[in-house]
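Q: One structure follows; several queries about it will come next.
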Amino acid sequence: MKKGQNVQVYFNGLQPDQRAYIYQQINEFTPFFLPDSGIEVLVAKDKENKENPYSVTFVLTGGGTFVQSEGRASNIYEAVKEAKNKLLSHLHAIQQDVVSSDEREREIELLKKFGGKLH
């Protein structure tokens, strides 16, 4: 990880292979990191919830704001995967909005410069 090297995983009872899996999943967020980005992973186990006791929350910070997602499942790996996929979907949607907006602004500027109709 180049940008956003501030990674915190909160759960003392994680096995080494579980920590490794979480760190592997975090790498998929790297393209969205800003220079000041950080990511926190919160893992909880609710013994009362027999069906989906594991809860994993990713909190990505940067640029003075944050986004987060939560996954719940019967095992930690599926909870991590669900939380990661939710956050990636949200980040891709934001990225698409920004790209679409930038493209639209360039199109408008070209039309102003060279004339033409706006669709």
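Coordinate-derived values only; no laboratory data. For clarity, every value in this text was computed on a predicted model and none was experimentally measured. All Cβ positions, even for glycine, are placed from backbone atoms using ideal geometry, and neighbour counts span all protein chains on display.
Q: Suppose the Debye formula is applied to equal point scatterers at every Cα of the stretch 25-74; what is log10 I(q)/I(0) at q = 0.15, 0.18, 0.23, 0.24 Å⁻¹?
A: -0.47, -0.61, -0.81, -0.85
Q: Run the quick spin-label model on GLU40 and LEU14: label points 7 Å from Cα toward the beta carbon, then report their separation in nm to one decimal.
A: 1.4 nm
Q: Additional query: I want to check a number: in the chain, how many lysine pairs have alpha carbons closer than 25 Å, given a sequence separation of 8 or more or different chains?
A: Summing the qualifying lysine pairs gives 15.
Q: Counting other C-beta atoms within 10 Å, which of GLU78, GLU51 has the fewest, and how do the rest follow? Walk me through the numbers on the way to the answer.
A: On the way: GLU78 15, GLU51 7.
Going from sparsest to densest Cβ surroundings: GLU51, GLU78.
Q: Here's something else I'd like to know. Using a 7 Å offset from the Cα along the Cα-to-Cβ direction at both ASN49 and ASP97, what is the distance between the two label points in nm, to one decimal?
A: Placing both labels 7 Å along Cα→Cβ, they lie 2.6 nm apart.
Q: Please work out how much length the chain gains when fully extended from SER74 to ARG104, using 0.36 nm per residue of separation minus the C-alpha to C-alpha distance, in nm with one decimal. Intermediate values should be presented prior to the final figure.
A: Details: separation 30, 0.36 × 30 = 10.80 nm, distance 4.42 nm.
Full-extension gain reported as 6.4 nm.
Q: Can you tell me the convex hull volume per residue for the stretch 6-114, based on C-alpha atoms, in Å³ to the nearest whole number? Don't jump to the answer; show the numbers that get you there.
A: On the way: hull volume 12.2 nm³, N = 109.
Looking at the stretch 6-114, the number lands at 112 Å³ per residue.
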